[in-house]
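Here is the structure we will look at, set down as structure tokens.
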Amino acid sequence: MKTTKLLIFVTAAAIFAAGCNSDSTASKEKQARQNKSAAEQIYIPPGKLDDYYAILSGGQSGSVFVYGIPSCRFIKEIPIFEPRAGLGYANNPGSESYKRLAATGPLWGDTHHPVLSQTDGRYDGHWLWINDKANDRVAKIDLRTFEVAAIKLVPNLQGAHGLAAYLPSGKYVFVNGELESDPVGNSTDPEKYRSAIAFLDAQTLETKFEVSFVGNADIASSGKDGHYVFSTMYNTENAVSSEGMIERDRDAVGAIDVPLAEKALAEGKFTEINGVPVIESEKVPGVLTLISVPKNPHGCNVTPDGKYVLACGKLSPTVTIIDAHTLKVIAEPEVGLGPLHTTFDGRGNAYTSLFVDSQIVKWNIEKAIKGTPDYIVDRVDVHYNVGHTKAAGADTSYPSGDWLISLNKLSKGMFLPVGPAMPESQELIDISGEKMRVIAAFPSLPEPHDAVMIHRKVLEDYVVQTYEQQPAAVKIGEEKIVRNGNKVEVYMTCIRSKFVPEQFEVHQGDEVKLHITNVETVRDMSHGFALSRYGINVAIDPGQTSETTFVADKLGTYWYYCTWFCSALHLEMRGRMLVKPAGAELSDNIGPVSREAKAQSAAGKESSFE
Ligand code: RUQ
Ligand code: CUA
Ligand code: CA
């Protein structure tokens, strides 16, 4: 089973279930796809676009990774909880992105579960939320720019792990506290430990309320009708040792009745802890129902039709199928060893990752419920030890049933050896037919947990490639140096291939605040502002205004230069900060503004290389 069966070529036509018109274009497309080789399926020539964005959490990289599917090409990293100097993100202590991150906790994070916003049961392409398990934060990414729009700390819990959007309204995102603590008295006594599920305003990320309980909450999934949300709970023992956490034969899936919680809130049935209303589950009967499942469950996934919640057994070779409305366990089919997460194709099949078996198993949900012996449809080996798995659109009511990603924890010999620390391994699986086909494998930085795939068409008219002029933008001709005591503000523009001013003078010890606007109006014309020996790198994308503050503590001449190779005169795109001794006379002459630059900006020309 562990043999490297990387590419499986199945050219035989698959037989599709009755009910779909065999002449339909969809079915023809599917057929054409089945007849292609794996290499043909993933080959997207340069300049042609992929069908999907796959957004993978970055785990301990603190970011998310964007890949194109089916080509598996790496497109972008969005830094979130960790500074990224190359992208000008949170690297300068005087910058807004640094202040926003530092205000919420450490300059590092552990991202696990990317969640896309939905409208009417489909991804709408507006927002992406992601948790930081290590420091109990949630961030919101604006998919117009693929940049962080907000980060907030979630009070009263530790190990902010499972994250999901409350459906169908999407007014909350909710996050699970996996690690128990005592947020009231900061006690070290485990008897006082509790955990909580926090409901955040999906837009502001303010924690609106929490439901607390004894034990923990791991992975999250929302029902589709606004009634219950679900979480797996592996430490109902409330133990503090790994042995203690596996003492009971069964743990739980917790179901929170959200309307009932809101009612309790309105009736004042809560305790305010650290500014957040906390509903203690013991005091409001029905707010949290525990559904018994085999010990130490992990994945928690509501089916696209909203009928069932599936809890993966992890230590048990089963998936527990729970009725999402009555909360009754209706079946517990065996699927293989180490089931961790389940995803869906929208045709009634579930795909469960098997960590121990290193497999993805495809099984039919209704057959498993009826107990027909042929509920297992197919199995494929993956390389190796898969954690999460996600099919395109599987969190929505309408999965597309074409691609699935297997997010494997170990890569072993999959890629060129690069020392003892190896890349993570992802595999792309074609699930459009009856049998799964492993098509390709691609490496990534550590360590993607979960992923979401969103079709290019959803974002087509939404993603911007230049910023709109912000009110704080510096305009050409309005560059200036403003002094106020030992504070100096420099209002700067940049455009191929010039900074204006090309020099500014300050006294040693002055606090310098830079406002830099990239006045380019064409896409892909980013400039950077790197200041020698000051550790400053600011990224300024077309139309963007970036700011940073620092103290000019070293005397002498310090060149600033552009870090993006932007034109034939890129190397000449530089200027000087002149740091003079206290009391020296300073000039406010900003130097010449090139007429060419003005003209170029007005004409909106693309790169001079094109
Ligand atoms: S959890 S597999 Cu956040 Cu499953 Cu990683
Ligand atoms: Cu601007 Cu290089
Ligand atoms: Ca347990």
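The values are calculated or read from the model by the stated rules, or taken from the named source; none is laboratory data. Treat the numbers as computed from the prediction; the structure is a model and nothing was measured. So basically every Cβ, Gly included, is an ideal-geometry build from the backbone, and we count neighbours across all protein chains shown.
Return the residues of the range 336-368 that are free of Cβ contacts under 8 Å to residues at least 60 places away in the same chain and either surrounded by fewer than 21 Cβ atoms within 10 Å (Cβ to Cβ) or aliphatic (A, V, I, L, M) (or both); say none if nothing qualifies.
LEU337, LEU340, GLY346, GLY348, ALA350, LEU354, VAL356, VAL361, ASN364, GLU366, LYS367, ALA368
Give the residue, chosen from GLY419, GLY393, that is on the phi > 0 side of the Ramachandran plot and surrounded by fewer than 24 Cβ atoms within 10 Å (Cβ to Cβ).
GLY419
Where residues in the range 456-509 are among the basic types (Lys, Arg) and within 16 Å of ligand 2 (Cβ to nearest atom), which of them is nearest to GLY556 (Cα to Cα)?
Filtering first and then ranking leaves LYS498.
Can we say TYR67 is out of contact with any Gly (no Cβ under 6 Å at 6 or more places or on another chain), within 29 Å of ILE429 (Cβ to Cβ) and not small (Gly, Ala, Ser)?
Yes: the conditions hold for TYR67.
Return yes when PHE230 is under 21 Å from VAL284 (Cα atoms), within 16 Å of ligand 1 (Cβ to nearest atom) and either surrounded by fewer than 24 Cβ atoms within 10 Å (Cβ to Cβ) or touching a residue at least 60 places away in the same chain (Cβ under 8 Å) (or both) and no when it is not.
The answer is yes for PHE230.
Inside the range 112-133, can you point out the residues that are in a loop (DSSP other than H, G, I, E, B) and either within 16 Å of ligand 1 (Cβ to nearest atom) or at pLDDT below 95 (or both)?
Once the filter is applied, which keeps residues that are in a loop (DSSP other than H, G, I, E, B) and either within 16 Å of ligand 1 (Cβ to nearest atom) or at pLDDT below 95 (or both), the range 112-133 yields HIS112, HIS113, PRO114, LYS133.
Applying the selection to the range 489-530, what residues are among the aliphatic types (A, V, I, L, M), in contact with a Leu (Cβ under 9 Å, 6 or more places away or on another chain) and either under 15 Å from ALA582 (Cα atoms) or within 16 Å of ligand 1 (Cβ to nearest atom) (or both)?
Residue satisfying the conditions is VAL506 alone.
With respect to PHE529, determine if the residue is within 11 Å of ligand 2 (Cβ to nearest atom), closer than 23 Å to LYS480 by Cβ and either assigned to a strand (DSSP E or B) or at pLDDT below 95 (or both).
Yes, satisfied.
Can you go through TRP127, TRP108 and tell me which one is more than 16 Å from ligand 3 (Cβ to nearest atom), under 30 Å from PHE529 (Cβ atoms) and in contact with an Asp or Glu (Cβ under 6 Å, 6 or more places away or on another chain)?
TRP108
Please work out if LEU327 is within 16 Å of ligand 1 (Cβ to nearest atom) and in contact (Cβ under 8 Å) with a residue 12 or more places away in the chain.
no
For the range 54-80, enumerate the residues that are closer than 29 Å to VAL512 by Cβ and in contact with a helix residue (DSSP H, G or I) (Cβ under 7 Å, 6 or more places away or on another chain).
Residue satisfying the conditions is PRO79 alone.
When the residues of the range 268-311 are filtered to those that are among the small types (Gly, Ala, Ser) and over 26 Å from THR396 (Cβ atoms), which remaining residue is nearest to the chain's Cα centre (by Cα)?
Among them, the one singled out is GLY275.
Would you check if there is a residue in the range 224-244 being more than 25 Å from LYS390 (Cα to Cα), out of contact with any helix residue (DSSP H, G or I) (no Cβ under 7 Å at 6 or more places or on another chain), not in a loop (DSSP other than H, G, I, E, B) and not charged (D, E, K, R)?
Within the range 224-244 (the criterion being more than 25 Å from LYS390 (Cα to Cα), out of contact with any helix residue (DSSP H, G or I) (no Cβ under 7 Å at 6 or more places or on another chain), not in a loop (DSSP other than H, G, I, E, B) and not charged (D, E, K, R)), the answer is yes, since at least one residue qualifies.
Could you list, in sequence order, all residues of the range 45-65 that are more than 16 Å from ligand 1 (Cβ to nearest atom) and within 13 Å of GLU447 (Cα to Cα)?
none
From the list THR352, THR389, THR320, THR343, which one is farther than 21 Å from GLY433 by Cα and either part of a loop (DSSP other than H, G, I, E, B) or of a type in the set (Val, Ile, Thr) (or both)?
Only one candidate qualifies: THR320.
Please find, among GLY162, GLY185, the residue that is touching a strand residue (DSSP E or B) at 6+ places or on another chain (Cβ under 6 Å) and either over 21 Å from ILE80 (Cβ atoms) or buried (at least 20 other Cβ atoms within 10 Å of the Cβ) (or both).
Result: GLY162 is the single residue among GLY162, GLY185 that is touching a strand residue (DSSP E or B) at 6+ places or on another chain (Cβ under 6 Å) and either over 21 Å from ILE80 (Cβ atoms) or buried (at least 20 other Cβ atoms within 10 Å of the Cβ) (or both).
Quick one: which strands (runs of 3 or more DSSP E) sit completely within the range 30-111 and have at least 3 residues that are of a type in the set (Ser, Thr, Tyr)?
Because the criterion is at least 3 residues that are of a type in the set (Ser, Thr, Tyr), the strands (runs of 3 or more DSSP E) in the range 30-111 that meet it are 52-57.
Looking at SER63, SER95, SER71 in this structure, which one is touching a residue at least 24 places away in the same chain (Cβ under 8 Å), within 14 Å of THR111 (Cα to Cα) and polar (S, T, N, Q)?
None of the others qualify; the one that does is SER63.
Within the range 157-177, does at least one residue satisfy the condition of being more than 29 Å from TRP108 (Cα to Cα), of a type in the set (Phe, Trp, Tyr) and not in a helix (DSSP H, G or I)?
For the range 157-177, residues more than 29 Å from TRP108 (Cα to Cα), of a type in the set (Phe, Trp, Tyr) and not in a helix (DSSP H, G or I): absent.
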